[in-house]
Amino acid sequence: MDSVVAITQIDSILIIGIITFTRFPPTFSRKAPMPDIDTSVGFLLAKAYQRACALYKEEFEGYDITPPQFGLLRFLWEEDGITQVELSNRSQIDRTTIGGLIDRLEQSGLLKRRPHPDDRRAYLICLTEAGRKLEQELMPLGDEVQRRILAPLTPDEVQALLSILQKLRY
């Protein structure tokens, strides 16, 4: 799992966690004293997300690409020429938001919308030559972000984290 996809997954969970500020274990009642913020799942996810974004910014300095844009490019590097709906489903980004991300990547010259050959209402999202070339430059940076994010963890802890994030993702 690359770092930006992980960041995107954390981003999805983060909103829910921040709103609810659930606590692990969730055993307190409204009458109990206010839970310690340092053990709030929402707070901890928010801080992990902030750290991941800071590491991303350090590694990707000089590139005008946000973590969600990098995530979309990753999906297209795996399978180019998919519809916006399919890209939305795979990335779990709503259609409106993904439309804006695609617009900005298209304005940057990294991808292009092409008419779908079988569906006049749909467009295929295709990498440009510039978008394809960026894969060789950006993939090592994404790998380094992931390495730095996970560096404090043992291999068993990494597996546990991934398992927990997958459960929280849905």
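The values are calculated or read from the model by the stated rules, or taken from the named source; none is laboratory data. The model shown is predicted, which means the values in this text are computed figures rather than measured ones. Neighbour counts run over all protein chains shown; Cβ positions are idealised from the backbone, glycine included. Heavy atoms of the whole protein, side chains included, go into the accessibility calculation; ligands, DNA and RNA do not. Shrake-Rupley method; radii C 1.70, N 1.55, O 1.52, S 1.80 Å.
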Please label the shape of the stretch 74-118 as rounded, prolate or oblate, based on the square roots a ≥ b ≥ c of the eigenvalues of the alpha-carbon gyration tensor (a/c under 1.5 means rounded; beyond that, a/b larger than b/c means prolate, else oblate).
rounded
Sort Tyr56, Tyr49, Tyr63, Tyr123 by accessible area with a 1.4 Å probe, largest first.
Tyr123, Tyr63, Tyr49, Tyr56
Would you mind counting up the charge near Glu129? Only other residues with Cβ under 13 Å from its Cβ, with Lys and Arg at +1 and Asp and Glu at -1.
+1
Two pseudo-spin positions, 7 Å from Cα along C-beta at Arg132 and at Gln50, lie apart in nanometres by 4.2 nm
Cut-off under 13 Å on the C-alpha distance; same-chain residues fewer than 8 positions from Lys112 excluded. Which aspartates and glutamates are left, in chain and number order?
Asp80, Asp103, Glu129
Taking R0 as 30 Å and r as the Cβ-Cβ distance between Ile37 and Arg147, the FRET efficiency 1/(1 + (r/R0)^6), rounded to the nearest 0.05, comes to 0.55
